[in-house]
């Protein structure tokens, strides 16, 4: 379960989670309320479903050159990989 604290988005943004609220208007689905801590969005409150916040994002990574035939490789030499959309970080990791 998501807890109050600092989180880093897989694209690099840093956020502070204020808490999880009941999603009355979202079929009862819990909503994560968080604040952006940098850039043009600094101070802006945002809301995302708990499932989306805790879910994975798909990114492209280089295919290893180990000679293995990767079935999921794209023509540009990358393959799909899943990473956590947000990960909890300590305050000292935010630098």
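Restrict the check to the range 49-62 and report whether at least one residue is surrounded by fewer than 15 Cβ atoms within 10 Å (Cβ to Cβ) and more than 25 Å from residue 81 (Cβ to Cβ). There is no residue in the range 49-62 that is surrounded by fewer than 15 Cβ atoms within 10 Å (Cβ to Cβ) and more than 25 Å from residue 81 (Cβ to Cβ). The numbered conditions (1) touching a helix residue (DSSP H, G or I) at 6+ places or on another chain (Cβ under 8 Å); (2) modelled with pLDDT under 90 are all true for residue 39 except (1). The single condition among (1) within 26 Å of residue 81 (Cβ to Cβ); (2) in a strand (DSSP E or B); (3) without any contact (Cβ under 8 Å) to a residue 60 or more places away in the chain; (4) out of contact with any helix residue (DSSP H, G or I) (no Cβ under 7 Å at 6 or more places or on another chain) that residue 16 does not meet is (1).
The values are calculated or read from the model by the stated rules, or taken from the named source; none is laboratory data. Just so it is clear, the structure is predicted and the values come from calculations on it, not from any experiment. Here Cβ is always computed from backbone atoms with ideal geometry, including for glycine, and neighbour counts include all displayed protein chains.
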